[in-house]
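Scroll down for the structure; my scribbles are underneath it.
The values are calculated or read from the model by the stated rules, or taken from the named source; none is laboratory data. These numbers were taken from a predicted model, which means no experiment stands behind them. Cβ placement follows ideal geometry from the backbone for every residue including glycine, while neighbour counts extend to all protein chains displayed. With ligands, DNA and RNA removed, areas are computed over all heavy atoms of the protein, side chains included. Shrake-Rupley method; radii C 1.70, N 1.55, O 1.52, S 1.80 Å.
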Amino acid sequence: MNVQVEPAKLKAKDFASDQEVRWCPGCGDYAILKAVQMSLANMGAQPDNTVFVSGIGCAARFPYYMETYGFHTIHGRAPAVASGVKIANPELDVWVVSGDGDALSIGGNHLLHLLRRNVDVQFLLFNNEIYGLTKGQYSPTSQAGQKSPSTPQGSVDAPIDACTFALGCNARFIARGIDIQAKQLGDIFTRAQEHKGASFVEIIQNCIVFNDDAFAHFTEKSVAKETQIHVKHGEKLIYGADGNKGIRIKPGAFELEAVTIGEDGVTEDDILVHDETNRVLANLLVAMKPPEMPIALGVIYCDPAPSYERAVQAQVEASMANGAGDMDKLLRSGNTWTVS
Amino acid sequence: MNLQTDPSQGESSDGAPLSEADSDSVVVRFAGDSGDGIQLLGGQFSQATALDNNSLATFPDFPAEIRAPTGTTYGVSAFQIKFGSRHIRTSGDAPDVLVALNPAALKVNYEQVLRGGLIILDTGSFGERNLKKAGFEVDPREDGTLKEYRTIEIDISALTLEATKPFDVTQKEALRAKNLWTLGLVDWMYGRSLDATETFITRKFGDSAISQANIAALKAGHAYGETAEVSGDIPQTRLGEVKFESGEYRLVSGAEALSWGLVAGCKLAGIDMTFCSYPITPSSPILHILSRLKNFGVTTFQAEDEIAAACSALGASYTGKMGITASSGPGIALKTEAIGLAISTELPLVIVDTQRAGQSTGLPTKTEQSDLFLTVWGRNADAPMPVLSARSPGDCFETAIEAVRLATKYMTPVFLLSDGYIANAAEPWLIPSMSDYEPFPVSHRTDPEGFQPFSRDDETLARPWVKPGTPGLMHRIGGIEKADGSGNISYDPDNHQLMTDLRFAKIDGIANDIPAQTVESGAEKGKLAVVGWGSTYGPINRAVTRMLAEGYDVSHIHIRHIWPLPANLIDLLHDFDEVLVAEMNKGQMLTFLRSQCGRPIEGHLKVNGQPLTIHEVQDAIRARLDK
Ligand code: SF4
């Protein structure tokens, strides 16, 4: 009789490499690293089948700290390298780790195409609204007016919202989390990994050195309940310390508004139910910004479609269906003549 | 009968060549509007010529604009073919025969025709408007412009309309068959069979009215030549068959041979290819060809830009496949950062550069060899990698196999240089058999025992290639300097010196794994060596052969392995009194060789977007030896 031996279940620490982690003490990246390692253990991921690809930036050091396969590439190009990895071997579980400068500035074009093609990778964008590695210049997600070494009088750039960009690129999976919320991040990573196709995850990350507390107005414990809404598919969009705040469609307008149940005649029936397959709703949710509205966290949009690399593979397999090509025959295809 | 004028005449007073001194070959140039189907006409005539056992070389010369305004000089498309009863290595210098389907085609080309040569004109297109658009104030047929040539005026447009009248086609469709009428006439002039073209038309258009009209036009052109009243005017020429080496032949273009060579290389390596590229002239045909070869385990990916093409190819190599990318000048410039990453991570990658003329956008459809510096030296920091160049369409096959061999054996990116001329030109090719090639199977490392990502093979200094997915071999690589062996991030200065030296030693060592430099023609030592690389092979070789026949002490050396250079090359060059580099740029191989071999070297340099001519290389040789 065969005794099936379950492979020993891996723990979070089994996904940690022997390399010393070298982010600044207190950097939000530490918490994200732990959350990723924990989720991989929980989802039963195989270290030897998992690949982390990154570009350049503080976040891009991530692969070195993972006991998986890892490729630290060049600035902005991680989505392109990851596309090649996934096309060449669709069986690998590919994660891309990037930052706001890497993904939305120098690498914006590649991210656009990774998402619209729907390559089955998990794309984690650590958004700290600053260039950390190059010592604090403003980034494409920095708020207008941000003072930095390159903008002593304040930035005059209009920032881009990462999730809005991803939706515009036709991403089929959009989620947002906060570095310090390990449990919620774990749930998002699990969903992202299960999702077939490109999964886009924005992680709000505090850069303690160059942009400390940029997000404190909604991440601080004292305000979190009133400024965050954790969305769940099929559940009402309710938040607040007392659970009496909600999101509804503003009467007479095509926009959302935050309301209090029991005030001004608002009842629970007025509150919207989250439908993660609704693209229009997703666009409205990702655009919500504190203090007027709570920030939307969790899986905001998920509407799967066939993934790119499988479609590519299917064409190769269909071409192979009648047998592999014969090189000698190929060279002799078309008009040939023989000299004797 | 032959079209040549007296070979003894030499040059005319204004320097234009009077004769080719070849009675065993003919150069024909077809020219017309870019909508006239000149390239198809040329391709079909080449095919028929090859099937007649003539040797040949072609030169398609088309405008950058897809559909330039009709009748303009910049909308002229041309196709030159040289064929003959001896081995032909170039598409020829000056045409013996020009077929001009409109005034603009005449305007652009007539001055290059041999004095006394034949010009066939479609008079149907010589209306006032077309003459004006071509920039002729007066009809060139009437003001003596063409007095040095023999001209035959035929209203090809009207005759084509006449021939296609019985078929249910529009006037526009009928006029499109003008190229086939012309082909029929030229086929008759050189005794070519119409069969292959008829088969081609039937295959393309089936049994339709268009098909019948096209075939009728083709036959009408042929019959026109045969008719008694005119055959006195139109010369008929029969060239003997070439004594080709026995075997099976086909016509092949550089783009085809290169694509097939890449596939063959991957077969010999035993791995599948992932080809990632972005559309650019004149590189795109490689993407088109490979995208139809998925049954050979080829996956193609049209990336969002040149950078992504290089990066995704590298990502594919990282997984254990043969990642390949291709482009031309400006596209190659964009790929350089990714190539640096390939050098740093020591992964295989083949980058094909089909060179084109000019800096920036330059002249996309014209040819040049000006990316030597870019490929040998054009990266940040000390970043050595092998650079190979193909010399002819057929040679692209061999060179592509060699590129895959070096990339996989030495874990390195490899540049493979072709150019716009080679890519588009066609030549008869003795089809190789795959059993003639020694396989060079790749072995991906699977053994975890003692594994270090940056340990090195004693002989090649290559690091192990591990496919992600292999149990127990998880590791990290990247562009930051790596510690010798472990591959961990290292900022240690001594380690950087060591790793840089190792990367150099690895590439330098390839010099011992490539064929020694040979001399193509002439002696191994002597007065003058003409050195070339890439597509100048044909004109240099023909020029040197002629000069040897005239008794000059000259040799031809042609370099395939540009970096590293063959180990014996420097000594070989020192065995000549003088060395002359002939190339289509401002002196890149010249500067490069001077830096490597520290001896005086001269250059014959040209950048007019056209291939070198045999005459100019002969003149350059004479200038050095007739002192
Ligand atoms: S600079 Fe900022 S983002 Fe970078 S490691 Fe330090 S705290 Fe983290």
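So the values come out like this:
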| item | result |
| --- | --- |
| Table column - 3J(HN,Hα) (Hz), the stretch B:323-328, Karplus curve with 6.51, -1.76, 1.60, x for Gly and Pro | x, 9, 10, 9, 6, 9 |
| Charge sum, other residues only, whose C-beta stays under 10 Å from residue A:226's C-beta, Lys/Arg counted +1 and Asp/Glu -1 | +1 |
| Under 5 Å, built H, 5+ apart or other chain: amide partners of residue B:576 | B:526 |
| Per-residue ³J(HN,Hα) for the stretch A:54-59, Karplus 6.51 cos²θ - 1.76 cosθ + 1.60, θ = phi - 60°, Hz, x for Gly and Pro | 9, x, 10, x, 4, 4 |
| Surface per residue (accessible, 1.4 Å probe) for the stretch B:547-627, Å² | 39 Å² |
| Average projected area [Cα convex hull, the protein assembly as shown], square nanometres | 50.9 nm² |
| Computed E for residue B:23/residue B:143 - FRET, C-beta separation, R0 30 angstrom, nearest 0.05 | 0.35 |
| Residues of the stretch A:211-254 with amide N under 18 Å of a point placed 7 Å along Cα→Cβ from residue A:303 | A:232-235 |
| Interface size B-A, as summed buried accessible area [1.4 Å probe, Å², nearest 100] | 5300 Å² |
| Among B:441, B:324, B:406 - extreme Cα towards positive end, dipole of the stretch B:321-474, charges at beta-carbon | B:324 |
| Residue-averaged [θ]222 nm for chain B, counting only DSSP H segments that reach four residues, each worth -39500 (n - 2.57) | -11000 deg cm²/dmol |
| Interface residues in the stretch B:442-481 - accessible area drops by 40 Å² or more relative to the isolated chain, probe 1.4 Å | B:468, B:469, B:474, B:476, B:477, B:480 |
| Cleavage-rule hits (GluC sites (Glu not before Pro)) in the stretch B:449-557: DSSP loop, at most 12 neighbouring Cβ within 10 angstrom | B:449, B:459, B:524, B:550 |
| Label-to-label distance, nm, for residues given as residue B:162 and residue A:183 (7 Å Cα→Cβ offset) | 9.4 nm |
| Rounded percent of accessible protein surface that carbon and sulfur make up, the protein assembly as shown, 1.4 Å probe | 51 percent |
| Degrees between helix B:395-410 axis and first principal axis of chain B (Cα, 0 to 90, nearest 10) | 10 degrees |
| Accessible area per residue in Å² at 1.4 Å probe, computed on the stretch B:129-176 | 67 Å² |
| Among A:189, A:173, A:218: highest mean-square fluctuation, GNM of chain A, C-alpha pairs under 10 Å | A:218 |
| Nearest-ten-degree value, helix B:178-189 long axis tilted from longest Cα axis of chain B | 80 degrees |
| Along principal axes, Cα extents of the stretch B:535-627, largest first, whole Å | 32, 31, 22 |
| Additional length obtainable on full extension of the chain from residue B:173 to residue B:437, 0.36 nm per residue less Cα span | 90.2 nm |
| Contact order normalised by residue count of the stretch B:136-244, Cα under 8 Å, 6+ apart, percent | 32 percent |
| Among A:126, A:158, A:88 the positive-end extreme of the charge dipole of the protein assembly as shown (Cβ point charges) | A:126 |
| Charge dipole magnitude, Cβ of K and R +1, D and E -1 - the stretch B:435-570, Cα centre, debye nearest 20 | 480 debye |
| Residue B:360-residue A:220 FRET efficiency (beta carbon distance; Förster radius 35 Å; 0.05 resolution) | 0.10 |
| Folded to 0 to 90 degrees: helix B:209-226 orientation relative to chain B principal axis, Cα | 60 degrees |
| Inter-label distance for residue B:198 and residue B:248, nm, one decimal - labels placed 7 Å from Cα along Cα-to-Cβ | 2.5 nm |
| The stretch B:390-441: chymotrypsin sites (Phe, Trp or Tyr not before Pro) falling in loop per DSSP and having at most 16 other Cβ within 10 Å | B:437 |
| Cut-off under 5 Å, modelled amide H: who pairs with residue A:27 long-range | none |
| J(HN,Hα) series, the stretch B:463-471, from Karplus relation 6.51 cos²θ - 1.76 cosθ + 1.60, nearest Hz, glycine and proline x | 8, x, 9, 10, 7, x, x, 7, x |
| Candidate lysines - alpha carbon under 27 Å from residue B:133, same-chain residues fewer than 8 apart omitted | B:107, B:147, B:172, B:178, B:366 |
| Residues residue A:280 and residue B:64, FRET efficiency given R0 of 51 Å [Cβ-Cβ distance, rounded to 0.05] | 0.70 |
| Cα→Cβ-extended label distance, 7 Å offset, between residue B:459 and residue A:42, nm | 5.2 nm |
| Overall dimensions of the stretch A:1-125 as given by Cα atoms, namely Rg and Dmax in Å | 15.4, 59 |
| Sequence-separation-based contact order of the stretch B:505-627, relative, with Cα cut under 8 Å and 6+ spacing, percent | 30 percent |
| Span-rule helices in chain A, defined as complete DSSP H runs reaching 20 Å or more along the axis (Cα) with Kyte mean at least -1.0 | A:28-42 |
| Per DSSP, loop trypsin sites (Lys or Arg not before Pro) in the stretch B:260-321 with at most 14 further Cβ within 10 Å | B:292 |
| Net charge dipole size for the protein assembly as shown [Lys, Arg +1 and Asp, Glu -1 on Cβ; Debye, nearest 20] | 600 debye |
| Accessible surface, the stretch B:294-363, averaged per residue in Å² (probe 1.4 Å) | 19 Å² |
